[in-house]
Amino acid sequence: MSAPTRPAELVLVGAPVYTVDAARRWAGGVAVGGGRIVAVGAEREVLALAGPETRLLRLDGSMVVPGFQDAHAHPLTSGLELRRCALTEVEPAAYGDAVRAWAAGHPDAPWVLGGGWRMDAFPGGVPPAGLLDRLVPDRPAWLESRDGHSGWANAPALRLAGVGQGTADPPRGRLERDQLGAPTGVLHEDAMRLVEGVVPLPGPDELAAALATAQAHLHALGITAWQDAWVLPWQLDAYRAAAAAGTLTARVVAALKWDPERGDEQLAELVERRARGAVGRLRASAVKIVQDGVAENFTAAMLEPYRGRDGGAGTSMLPPAELARAVVALDREGFDVHVHAIGDRAVREALDAFEAAVAAGGRRDARHQIAHLQFVHPDDRQRFRRLGVIANAQPFWAVLDGYMRDLTLPFVSAERAAWQYPWASLRAAGAPLAFGSDWSVSTPDPLAQIEVAVKRVPPHDRGGEPFLPAERLDLPAALDAFTIGAAYANRLDADTGSLEPGKRADLAVLDRDLFDPAAGPIGDARVLATLVDGEVVHAAPGWPG
Ligand SMILES: [Zn+2]
């Protein structure tokens, strides 16, 4: 313990403090001053720092953890979705009623926009032709799938977009068609841009409200920082506005979207956007490249063809040489590169690109990462450690649900099926591991996700069969990945991610000790309060502070 000269402004005692410091030390209290942690230690030691002006909070046996960080999420668009026709929390049988009700409740909305529908709600993973026209006959409608890789348009939306019988599949995209070849309204991957191009962009007020909604939602889950994994210029403007206004209480890393239609000439713009993005708690230090799609619509790039799909092995969004060129150039400019890769071929292509960057420029303190990692060839596991590439994992996906049973397992070999979401294998191979939710693809609740990481069973089906249980993590490993591991991925580890003197006072107070087996399932734990820079940004009803 160092000896601060002034009394602490805030002292928290009465609950075990899991510091996530190098020794994974437990403490009895935290003292905060000037937005930073001035001491973490035994209750008696931190109480000694309290003066007459100190706010003293006596907790009742719960647990204090570093603020959770999400290394891959889409909060701005998720916030928009929450304010639109959101199907994420709706049972598939009620989709029709929900869409009709939203349209009826918003008669003046020129479009019915929203998303969150599950592919496994429909036979073959695809909504049937004509359904959305019956639900919304009077105006254009556009609903994104929960994973964001497919969109569902009605006939007025297709008409506005100029999509018809004669429309060819664009590069990196595919249109669902009926037997006569006419588009049914479901568009995959870059075919979605056809309709997105005619959807009106949200205005500044709607964006500010969406960001506020998302931020409040995430703070209530104990999250103090996130990486937005797909930031277009209008989204960066929304973040900048909030940061400049002082309403951005979370730390946000914007991963600027790489445009696959353009090459190196976009670099100068990205550098300029990075400079403009350094406002308040906002940084735009990362660039996002999407290298493949998803397995459920056969666009994940695989080393071996899908079974029963006429030899198709998915789509590499960028030719491997072009991906490597982009990553080398971005690495040279000092960007942290965040690559989306689901199939084992896409993962390998991303690792090859990072290897090219190391060959060209040597190793530097880069926070390059590959997100999703559904299929990782065992030969590639060691490469994360060797290349210093972060494995950015979405723990909630590693379960036997409809996506896995009906839309994935029938189309891959048994050998490949066993290579999925290999979190324990990657960690055992020395890969730096960071967790992210990919919200709104799945829940942003870190506690529900941590339960899945340690059980490989979804919280709504606790008696179910674990999915590849050898890949379960222990609780300390899972907590690491949502705190210091994600902070490292976000380049915020020097200042956050653990509770240590000198670091920012970003922390969450939970209603129970996650390590206590008698305390109930981890996913049922709730956040009592969330602090950023020592200020309360979320408090549950009854919180004494
Ligand atoms: Zn994502």
Report D for segment 102-242 in µm² per second (integer): Stokes-Einstein, Kirkwood Rh on Cα pairs, 10 °C, 1.306 mPa s. 96
Note to self: with every protein chain in place and a 1.4 Å probe, the chain gives an accessible area per residue in Å² of 38
Starting with the highest mean, order 428-437, 90-99 by the number of other Cβ atoms within 10 Å, averaged over the residues of each peptide. 428-437, 90-99
Value in Å of the Kirkwood radius, where segment 1-104 supplies the Cα pairs that are averaged: 17.1
For segment 17-60, compute the orientation-averaged projected area of the C-alpha convex hull (one quarter of its surface), in nm². 3.4
Expected-Rg normalisation [2.2 N^0.38 Å, Cα atoms] applied to the chain: 0.97
Computed Kirkwood radius, in angstrom, where 1/r is averaged over Cα pairs of segment 290-411: 14.8
When DSSP assigns beta bridges and you keep just the ones with both residues in the chain, what percent turn out antiparallel, to the nearest 5? 45
What is the percent carbon and sulfur in the accessible area of the chain, measuring with a 1.4 Å probe over the protein chains and ignoring ligands? 53
Of the convex hull drawn through the C-alpha atoms of segment 482-543, the volume per residue in Å³ is 104
Give me the percent relative contact order of segment 371-483, please, defined on Cα pairs under 8 angstrom at least 6 residues apart. 32
log₁₀ of I(q)/I(0) at q = 0.20, 0.29 Å⁻¹ - segment 85-143, Debye sum with one point per alpha carbon: -0.71, -1.42
Per the charge dipole of the chain (beta-carbon charges, Lys/Arg positive, Asp/Glu negative, Cα centre), the residue among Pro521, Pro541, Gly34 reaching farthest to the positive end is Gly34
antiparallel share of DSSP beta bridges within segment 137-268, to nearest 5, in %, is 65
Rounded to one decimal in Å, the inverse mean reciprocal Cα-Cα distance for segment 389-452, i.e. its Kirkwood radius, is 12.9
Computed log₁₀ I(q)/I(0) - Debye formula, equal Cα scatterers, no solvent, segment 204-343, q 0.11, 0.15, 0.20, 0.21 Å⁻¹: -0.50, -0.81, -1.11, -1.16
Evaluated at 4 °C and 1.567 mPa s, the Stokes-Einstein D of segment 196-272 based on the Kirkwood radius over Cα pairs, in µm²/s, stands at 93
Over all Cα pairs of segment 403-545, how is the pair count split among 5 Å bins, expressed in % and running from 0 up to the last occupied bin? 2, 8, 14, 20, 21, 16, 9, 6, 3, 1, 0
Normalised by the empirical 2.2 N^0.38 Å for globular proteins, what value does the Cα Rg of segment 341-465 take? 1.10
Could you give the dipole magnitude of the chain about its Cα centre, charging the beta-carbon of Lys and Arg +1 and that of Asp and Glu -1, in debye to the nearest 20? 800
What angle do you read, to the nearest 10 degrees and between 0 and 90, between the alpha-carbon axis of helix 95-105 and the longest principal axis of the chain? 80
Taking the Cα atoms of segment 43-105, report the difference between the largest and smallest coordinate on each principal axis, in whole Å and largest first. 61, 25, 22
How about Lys288: which aspartates and glutamates have a C-alpha closer than 13 Å to its C-alpha, ignoring those fewer than 8 places off in the same chain? Asp228, Asp259, Asp331, Asp336
For 310-317, 187-194, 383-390, 68-75, ranked highest to lowest by mean beta-carbon neighbours within 10 Å, the order is 68-75, 187-194, 383-390, 310-317
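The values are calculated or read from the model by the stated rules, or taken from the named source; none is laboratory data. What you see is a predicted model, and the numbers here were worked out from it, not measured in a lab. A quick note on method: Cβ atoms are made from the backbone with ideal geometry, for glycine too, and the neighbour counts reach across all protein chains shown. Heads up: the accessible areas ignore ligands, DNA and RNA and are worked out on the full protein's heavy atoms, side chains in. Shrake-Rupley method; radii C 1.70, N 1.55, O 1.52, S 1.80 Å.
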